[in-house]
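What follows is a short report on a single structure.
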Amino acid sequence: MALVKLCSVGDVPEGEVRRFEVDHRPIAVANLGEGGFRAVDAICSHAHYFLDEGEIDVDDMTIECPKHGSTFDLTTGKPRSLPATSAVDIFPVKIEGDHVLIEVNGQ
């Protein structure tokens, strides 16, 4: 595992999600305020839509796919509602100063 700088803390406003790329792989980064930052694969496991174009629920720590409404747990990647049945990948997040870093394989 290697740490990769993804963005600055200020690039993702509290309560919102933004998409970044690591080696051409889209990653959705959510700022949950006091809940911290989470990073998941930005592509829905069901419909292959960008999750960062959906809504996040800070209290439930979920992100909703804008295509069919499946919600995914931002901590585990597991779907919480149908039609999605497969999890999305998660990436451990570390904050160093003003930088958001994620752990990735093979870097």
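The values are calculated or read from the model by the stated rules, or taken from the named source; none is laboratory data. No experiment lies behind these values; they were computed from the predicted model shown. So basically every Cβ, Gly included, is an ideal-geometry build from the backbone, and we count neighbours across all protein chains shown. What goes into the accessible areas is simple: the full protein's heavy atoms, side chains included, and nothing from ligands, DNA or RNA. Shrake-Rupley method; radii C 1.70, N 1.55, O 1.52, S 1.80 Å.
Structure notes:
- The relative contact order of the chain comes to 29 percent, based on Cα pairs under 8 Å that sit 6 or more residues apart.
- Residue-wise HN-Hα couplings along the stretch 13-29, as the Karplus relation 6.51 cos²θ - 1.76 cosθ + 1.60 with θ = phi - 60° gives them from phi, are x, 4, x, 10, 9, 9, 9, 9, 10, 10, 6, 6, 9, x, 10, 9, 10 Hz; Gly and Pro carry x.
- Choice from SER45, SER81, SER70 with maximal GNM fluctuation in the chain (Cα, 10 Å cutoff): SER81
- Accessible surface of the stretch 56-100 [probe 1.4 Å, protein heavy atoms]: carbon and sulfur percent: 48 percent
- Candidate residues PHE20, PHE72: accessible-area rank, largest first, probe 1.4 Å: PHE20, PHE72
- Radius of gyration over Kirkwood radius for the chain, both on Cα atoms: the Rg/Rh ratio is 0.94.
- Distance (nanometres) between label positions extended 7 Å along Cα→Cβ at SER8 and THR85: 4.5 nm
- Across the stretch 37-42, computed HN-Hα scalar couplings (Karplus, 6.51 cos²θ - 1.76 cosθ + 1.60, θ = phi - 60°) run 9, 10, 9, 9, 4, 7 Hz from first to last residue, x flagging Gly and Pro.
- Using Cβ point charges alone (K and R +1, D and E -1), the dipole size of the stretch 1-89 about the Cα centre works out to roughly 320 debye.
- By the beta carbon rule, with partners counted only under 4.7 Å, the chain holds these lone Cys residues: CYS7.
- Heavy-atom surface of the chain, accessible at 1.4 Å and reported per residue (Å²): 54 Å²
- Candidates ILE95, ILE27, ILE43, ranked by Gaussian network fluctuation over the chain, Cα under 10 Å, top entry: ILE95
- Other-chain or far-sequence residues with amide H under 5 Å of ILE27's (modelled H): PHE20, GLU21, VAL22, ALA42
- TYR49 versus ARG19: modelled label distance in nm, points set 7 Å from Cα along the beta carbon direction: 1.2 nm
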